[in-house]
Amino acid sequence: MKLDNPPPPEYVFKYHKQPKSGNVTNGLGESQVRRATRVFHWPFGKPPHHWQALDLHFNLIGGMGGPYMGYGMIWQRLWNLWQIRRANGPVAPKRREVADPEVMADEIKAYIQKHFTESIVGITRVIPTDIVDGESVDFEYVICVGQPMERDIMLQVPKPAAGWEVMRGYRRVSKQAVKLAAHIRSLGWEAKAHADPKTGSLLHIPPAIRAGLGELGKHGSIITREWGSNVRLAAVTTNLPLAIDVPVDIGVDDLCVTCRRCTLDCPPGAIMDSKQMVRGVEKWYVDFDKCVPYFAENSGCAICIQVCPWAEPGRGPKLSETLLAKRRKAA
Ligand code: SF4
Ligand code: SF4
């Protein structure tokens with residue numbers, strides 16, 4: 001078993017002058033609701049942020065990594081950027097009118113299931129806190145999609161192979177979002193895919209939770225019933241009238257309050273054991289200043305995701321059933 005509060009690892013990359021804490025930027029301890037500020041994953045053309053040098057370091061070593069020389073994370077990302085050049089595009093001049101948003105929502109979900117068999121999908125309304133501060137998303141609805149990553153490869157975390165699989169996961173789910181957005185535009189409605197961790201104006205986890213894809217886990221990632229957090233998310237925003245979904249309760253909190261698996265296995269001890277107030281919302285929170293330097297030094301890290309019991313293939317539905325039954329019995 002690992003130490004509960006291990007000493008911080010020694011990093012290759014060091015700041016001469018430590019940047020402003022990412023926890024402060026993230027609004028840890030703030031009781032006022034506000035939009036998130038971009039703090040890592042700097043997109044080209046946007047104002048620089050405090051942790052940009054570490055971000056650059058991450059990109060350089062990440063690109064050198066990967067299971068096959070010359071086919072590492074940078075290649076997957078470039079491939080993704082190439083396909084999301086079609087995130088937006090011309091809208092068909094003839095609009096298909098929507099009499100029943102529920103029927104339309106079912107049609108959109110059926111489209112996803114037909115073209116991407118291993119995927120989850122849910123719909124919600126865009127709210128202001130879904131959008132990064134200073135940016136805009138001018139659509140009413142967001143269709144959230146998720147696809148699993150290869151568990152066997154992800155079990156190699158934090159080796160570069162797992163980082164490569166993460167980027168491959170983004171590329172695959174991006175393809176889904178881009179295709180769906182193009183389909184909606186062909187119906188005569190505007191739609192835009194949001195499908196790259198560095199370029200998006202839209203947060204992915206909060207709308208995905210409202211859309212019923214899963215719940216927030218102690219390790220700060222969405223936990224789905226199907227694959228735990230071993231998923232990558234993308235989204236499509238649109239004004240196509242759609243019925244919205246409701247959040248799910250699969251029992252995540254019931255387990256997270258007592259389980260400490262991810263807190264114990266996180267190498268820099270970044271996962272907080274109790275919920276924190278963050279930008280006016282009490283929720284699980286991961287210490288940015290501890291997690292991100294480790295993440296950047298290791299071509300990404302998803303140890304917390306892979307050690308979580310929800311990530312074990314086929315275990316989620318049964319786990320949810322047991323947790324909810326236990327809660328009912330205790331009530
Ligand atoms: S990604 Fe790695 S460093 Fe960050 S919280 Fe998870 S286990 Fe810890
Ligand atoms: S490892 Fe345990 S505490 Fe951490 S997210 Fe998973 S269930 Fe929750």
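Points to keep in mind about this one:
- Relative exposure of 143, 74, judged by other C-beta atoms within 10 Å (fewest first): 74, 143
- No disulfide-compatible partner, judged by a Cβ distance under 4.7 Å, exists for the following cysteines of the chain: 144, 256, 259, 266, 291, 301, 308.
- Dipole magnitude of the chain, debye to nearest 20 (Cβ charges: Lys/Arg +1, Asp/Glu -1, about Cα centre): 420 debye
- Region 200-325, Rg to Rh (Cα coordinates; Rh as Kirkwood inverse mean 1/r): 0.97
- Semi-axis lengths (Å, descending) of the ellipsoid that matches the C-alpha gyration tensor of the chain: 31, 25, 20
- For the chain, with +1 on Lys and Arg beta carbons and -1 on Asp and Glu, the positive-most of 31, 303, 193 along the dipole: 193
- Ordering of 105-115, 206-216 by packing [mean C-beta count within 10 Å, highest first]: 206-216, 105-115
- Relative packing of 146-155, 315-324, which averages over residues the other C-beta atoms within 10 Å, highest first: 146-155, 315-324
- Furthest towards positive pole of dipole, 207, 178, 319, structure part the chain, Cβ charges: 178
- Members of 290/329; 218/329; 20/109; 290/326; 14/46; 175/218 lying beyond 32 Å, as alpha-carbon distances in this model show: 290/329; 20/109; 290/326
- Placing +1 on the Cβ of every Lys and Arg and -1 on the Cβ of every Asp and Glu, with no other charges, gives region 271-331 a dipole of roughly 540 debye about its Cα centre.
- Region 248-322: C-alpha gyration tensor shape, a/c 1.5 cut-off, then a/b vs b/c: oblate
- Packing order of peptides 243-249, 225-231, highest average first: 225-231, 243-249 (average count of other Cβ atoms within 10 Å over each peptide's residues).
- Relative contact order (percent, whole number), region 122-161, Cα cutoff 8 Å, 6+ residue spacing: 41 percent
- Order of 185, 232 - criterion: other Cβ atoms within 10 Å of each residue's Cβ, fewest first: 185, 232
- Each Lys and Arg contributes +1 and each Asp and Glu -1, all at the Cβ; summed about the Cα centre of region 98-185, the dipole is approximately 520 debye.
- Estimated from helical segments only, the mean residue ellipticity of the chain at 222 nm is -11000 deg cm²/dmol, where each DSSP H run of four or more residues counts as -39500 (n - 2.57).
- Legend: calculated FRET efficiency, residue 34 to residue 152, from the Cβ-Cβ distance at R0 = 35 Å, rounded to 0.05, equals 0.30.
- Working from Cα pairs under 8 Å separated by at least six residues, relative contact order for region 256-331 is 25 percent.
- Counting neighbouring Cβ atoms within 10 Å and putting the fewest first, the residues 11, 170, 294 line up as 11, 294, 170.
- Taking the chain and dividing mean pair separation by its residue count, relative contact order in percent (alpha carbons under 8 Å, at least six apart): 25 percent
- Simple spin-label estimate for residue 14 and residue 330 in nanometres, 7 Å along Cα-Cβ: 4.5 nm
- The tail of the calculated P(r) for region 284-331 beyond 18 Å holds 53 percent of all Cα-Cα pairs.
FYI, it's all coordinate maths here, none of it is from the lab. The model shown is predicted, which means the values in this text are computed figures rather than measured ones. With ideal geometry, Cβ positions are generated from the backbone for all residues, glycine too; neighbour counts draw on all protein chains shown.
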